[in-house]
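Remarks on the structure that follows.
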Amino acid sequence: MDKITTCLWFDDQAEEAAAFYTGIFPDSRVVEVARYTEAGPREPGSVMTVTFELAGRRFVGLNGGPEFTFSEAISLQVDCADQAEVDDLWARLTADGGAEGPCGWVRDKYGLSWQIVPRRMTELLSSPDRARVADAMRAMLGMKKLDIAALEAAYDGRSAS
């Protein structure tokens, strides 16, 4: 068991969300479902928590009620190997009510924010050539879904075709 586990507060969609997320990421699974008892505070037998793993990392989804909702103050960042992975995750996480955000951010249908980050962008932005980094950063700031070819073109001082 991880010493620190991220707990995600849902109204009553924790089990549905866990199934959605584990269907997107490889090496993912639902580990355990715990239910409320007669002690409450919610309906006995209804799902209280869902423990699940995404790409080997453990999370707990809590059906705590409508009092709290997600905000962009916390997000899950996904390291993507290539543009195909960026495109796939972007499409799946924005499906059925998700929303595109700026600079590689997306909000899924449950309101949880994700940063879909191509590994190549991280490499470009960590270059010691500050002028080229600034060009790539300016390009990134104008994007929603990150485009590796356009980021590389900006970094190299040319426009993407």
- Message: I'd like to know if the stretch 87-103 contains one or more residues that are open to solvent by less than 70 Å² (accessible area, probe 1.4 Å), without any contact (Cβ under 8 Å) to a residue 12 or more places away in the chain and more than 30 Å from residue 30 (Cβ to Cβ).
- Response: no
- Could you please tell me which pairs satisfy a Cβ distance under 6 Å, a separation of 6+ or placement on different chains, a first residue in the stretch 132-161 that is β-branched (Val, Ile, Thr), and a second residue that is loosely packed, with under 15 Cβ neighbours inside 10 Å? 133/127
- Query: Which one of these is more than 21 Å from the chain's Cα centre (by Cα), more than 16 Å from residue 7 (Cβ to Cβ) and of a type in the set (Asp, Glu): 100, 38?
  - Reply: 38
- For residues that are at pLDDT below 95 and out of contact with any Asp or Glu (no Cβ under 6 Å at 6 or more places or on another chain), tally how many sit in the stretch 40-56. 4
- Message: With the requirement that a residue be under 23 Å from residue 70 (Cβ atoms) and either of a type in the set (Lys, Arg) or out of contact with any helix residue (DSSP H, G or I) (no Cβ under 6 Å at 6 or more places or on another chain) (or both), what does the stretch 106-145 give you?
- Response: 107, 109, 111, 112, 113, 115, 117, 143, 144, 145
- Task: Give the stretch 111-142 a look and list any residue that's open to solvent by 20 Å² or more (accessible area, probe 1.4 Å) and of a type in the set (S, T, N, Q), or say none.
- Result: 115, 122, 126
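So is residue 30 part of a strand (DSSP E or B), on the phi < 0 side of the Ramachandran plot and open to solvent by 60 Å² or more (accessible area, probe 1.4 Å) or not? If you could, list the steps in order and put the result at the bottom.
On the way: part of a strand (DSSP E or B): yes; on the phi < 0 side of the Ramachandran plot: yes; open to solvent by 60 Å² or more (accessible area, probe 1.4 Å): yes.
The answer is yes for residue 30.
The values are calculated or read from the model by the stated rules, or taken from the named source; none is laboratory data. Just so you know, these numbers come straight off a predicted model, no measurement behind them. As a convention, Cβ positions derive from the backbone with ideal geometry for all residues, glycine included, and neighbour counts pool all protein chains shown. Side chains included, ligands, DNA and RNA excluded: accessible areas come from the protein's heavy atoms. Shrake-Rupley method; radii C 1.70, N 1.55, O 1.52, S 1.80 Å.
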